[in-house]
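Below: one structure, written as structure tokens.
The values are calculated or read from the model by the stated rules, or taken from the named source; none is laboratory data. Please read all numbers here as calculations on a predicted model, not as lab measurements. In this analysis, Cβ positions are derived from the backbone assuming ideal geometry, glycine residues included, and neighbour counts consider all displayed protein chains.
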Amino acid sequence: MVVVILIAVVVVIFLGGGVLTHNGLVNRRNRTQEAGSEIDVDLKRQHDLIPNRVETVPGYVAHELVRSHDATGGVPYAAAPARCKIRLVLGPKPFLGPLSCRPLS
């Protein structure tokens, strides 16, 4: 009789351990999927904000151009190093083009 009870206790312990292990693995899988979903949502939100940011840059650049022109007394790009050329691209909204610098030598 004692042997049967010991076997039953061992079986219950193994089954309980198996259930706890399974629940832990399912819990980790769910947390991993949630984290992936949160990352996807954040990336989509950032992707959706890019056009707004691109639209605001020309306005800031135009404002800074006016401020720079006023602050330097009409000397364009006085703050840029002498070895750099900044190209102003004109269009519906002016913006600064590529900055090309030649090496110091």
>> Of the conditions (1) of a type in the set (Phe, Trp, Tyr); (2) within 27 Å of the chain's Cα centre (by Cα); (3) modelled with pLDDT of 80 or more, residue 14 satisfies every one except a single condition; which number is it?
In response: (2)
>> Regarding segment 46-68, can at least one residue be identified that is in contact with a helix residue (DSSP H, G or I) (Cβ under 9 Å, 6 or more places away or on another chain) and modelled with pLDDT under 80?
In response: no
> Which is modelled with pLDDT of 95 or more, among the small types (Gly, Ala, Ser) and part of a helix (DSSP H, G or I), of 36, 24?
Replying inline: 24
